[in-house]
1. Quote the Stokes-Einstein diffusion coefficient, in whole µm² s⁻¹, for the stretch 139-209, based on the Kirkwood radius over alpha carbon pairs, a temperature of 10 °C and a viscosity of 1.306 mPa s.
2. Can you list residues from other chains, or at least 5 along the same chain, whose modelled amide H is less than 5 Å from the amide H of Val67?
3. Between Leu91 and Thr113, what FRET efficiency follows from the Cβ-Cβ distance if R0 is 30 Å, with the result rounded to 0.05?
4. Name the aspartates and glutamates eligible as straight-distance cross-link partners of Lys64: C-alpha to C-alpha under 15 Å, and not fewer than 8 places from it in the same chain.
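Rule-based calculations on the coordinates, nothing more; no lab input. Just so it is clear, the model here is predicted, and its values are computed rather than measured. We place every Cβ from the backbone using ideal geometry, glycine too, and count neighbours over all the protein chains shown.
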Amino acid sequence: MIGGAWQKLSLVATRQILTSAKKIEMNTVEKGATMKFQPLITEEDIRKRVIELATQIKRDFIGKEPVFVGILNGCFPFLADLLRHLDLTCLVDFMRIRSYGVATETTGVVEITAELQRSIVGRDVIVVEDIVDTGLTMSYLLDNIRTRRPANLRVCTLLDKPARRLIDLHLDYIGFTIPDRFVVGYGLDFDEKYRNLPYITVYEDERPI
Ligand code: IMP
């Protein structure tokens, strides 16, 4: 169930998270001050959805041995949780990238700062990213990875922000489709901060809310 049906499921998940978004309030301490966070997507929402994605990927790759390529830094909690729930033999490798941009905007200028450790020629590859926003970064990565001649190339993203898309991309596995808001937590950062939040929250006015 790739493409339309999966996207529909993802939209249902989005509606659910948006209606439950305001219910939970959590505290964390930054620079000695307690800050309040309201998850847009709760830990429990994430946990359930990650299990669904792992089940879907297992069904699609049963009998195969896919290579997961995590895009650092943002993918780390998502990829770790996804693979913990994936009952399938697989390999894991990483690429680290640096996207150039100003504050919360990307320009699509991407530098690969850490390379895959093994060849992916002829392999089934699943790229795992934290978020696809304009699509410029993912498009650059896919073009680059295709030159390495994988047998099969799929994309799994925790979040999809289609409102800002500049490039038409096919995303095979989507955790949640979110509105046009800048979010942090569960791997996503602002200025390298907030990646450790166990939930996803909207970042506004230079403070998470
Ligand atoms: P794109 O090239 O515009 O698709 O942006 C992709 C990259 O921008 C992601 O890998 C993130 O690093 C960053 N990004 C885009 N939107 C957000 C957001 O809402 N929160 C945190 N990072 C984001």
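1. Details: Rh = 14.0 Å.
Translational D for this selection: 114 µm²/s.
2. Leu91, Asp124, Val125, Ile126
3. Computed FRET efficiency for Leu91 and Thr113 comes out at 0.90.
4. Straight-distance partners of Lys64: Asp87, Asp124.
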